[in-house]
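Notes follow once the structure below has been shown.
The values are calculated or read from the model by the stated rules, or taken from the named source; none is laboratory data. These figures come from a predicted structure and were not determined experimentally. Note that each Cβ is placed from the backbone with ideal geometry, even for glycine, and that neighbours are counted across all protein chains shown. Areas reflect the complete protein model, heavy atoms only, side chains present, ligands, DNA and RNA absent. Shrake-Rupley method; radii C 1.70, N 1.55, O 1.52, S 1.80 Å.
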Amino acid sequence: MRLIRFAIDEAVRAGCVDGDLVRAYDPVTGPGEVVGPLSGVRLLAPCDPRTIVCVGSNYPCQLEEKGRPWPERPALFLKAPNAVTGPGEPILHPPEVERLEYEGELAVVIGKTARKLTAGNAGEHILGYTCANDVTAHDWRADGQWARAKSADTFLPLGPWISTDIGSGDLEVTTRINDRTVQRSTTGEMIFGVPAILAWVTRWFTLRPGDVVLTGSPAGVGPMKPGDEVTVAIEGVGELTNPVRAS
């Protein structure tokens, strides 16, 4: 199933995609009446997280590219909820940032409250998966300002929907800038898989329905500039496309 949040007639609603149609969706009763064609609604970020935990340095190809050591455990950082934006919405390029970077990633969306999970039961707490772009202001990260480097407005596009019927084991992850492919790997290459990540994260963070965990970005992270269009595509999920505009 593909779960969405969408705007229609000034109202925000939950739905699911049924072919080319959108149906209303209730987490208890499931799909409801047809709302209209998918082309007739504005897709929003498919969830509204209050906690966003991210894993860095999780692909061997990126470690090799950056000359970083192999991590002994998942390296964690946070993004603020204000960074979340939806498909098609612009990524705002702050004028004082010289290098704004894309980072295409698989995002895990939590389905039920998760605390002190194990790798064995982590899957029971996952609602599904979506595409994420962990936008980063490289200049600010380089000077130690990770909070603003990762969490400025629009620095976390999510979407286009949450795919609930797939696993995370070996999905192709690609990022394109305009028509050029700049990242390509598979989730099977991740150093720490989703179950291990969730077990580690929930030792300290209680995750609630709608919260998001980003699983890391492969090699090829690079700059984007106003006028570019960035697409993160994940096998079995879909494509998330956002234009880059000057702030």
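Looking across Trp200, Trp161, one residue alone is assigned to a strand (DSSP E or B), among the aromatic types (Phe, Trp, Tyr) and open to solvent by 10 Å² or more (accessible area, probe 1.4 Å). It is Trp161.
Could you tell me whether the range 233-242 includes any residue that is charged (D, E, K, R), open to solvent by 60 Å² or more (accessible area, probe 1.4 Å) and under 13 Å from Asn133 (Cα atoms)? The answer is yes; a qualifying residue exists.
From Ser217, Ser185, Ser168, which residue is at pLDDT below 95, not acidic (Asp, Glu) and not in a helix (DSSP H, G or I)? Answer to the selection: Ser168.
Annotation note: of Asp134, Asp211, the sole residue that is crowded, with 22+ Cβ neighbours inside 10 Å, more than 20 Å from Pro71 (Cβ to Cβ) and of a type in the set (D, E, K, R) is Asp211.
Restricting attention to the range 168-209, the residues that are closer than 14 Å to Ile110 by Cα and out of contact with any Phe, Trp or Tyr (no Cβ under 9 Å at 6 or more places or on another chain) add up to 11. Of all residues in the range 121-131, those being part of a strand (DSSP E or B), in contact with a helix residue (DSSP H, G or I) (Cβ under 9 Å, 6 or more places away or on another chain) and open to solvent by 20 Å² or more (accessible area, probe 1.4 Å) number 1.
Checking each residue in the range 1-24 for being part of a strand (DSSP E or B), open to solvent by 60 Å² or more (accessible area, probe 1.4 Å) and not charged (D, E, K, R) picks out Val12, Leu21. If you go through the range 139-156 and keep only what is at pLDDT below 95 and open to solvent by 30 Å² or more (accessible area, probe 1.4 Å), you end up with Asp139, Arg141, Ala142, Asp143, Gly144, Gln145, Trp146, Ala147, Arg148.
Of everything listed in (1) small (Gly, Ala, Ser); (2) open to solvent by less than 70 Å² (accessible area, probe 1.4 Å); (3) modelled with pLDDT of 95 or more, the single unmet condition for Ser57 is (3). Going by what's in this entry, would Leu171 be described as open to solvent by 40 Å² or more (accessible area, probe 1.4 Å) and under 15 Å from the mean Cα position of the chain (by Cα)? Taking the combined requirement at face value, the residue does not satisfy it.
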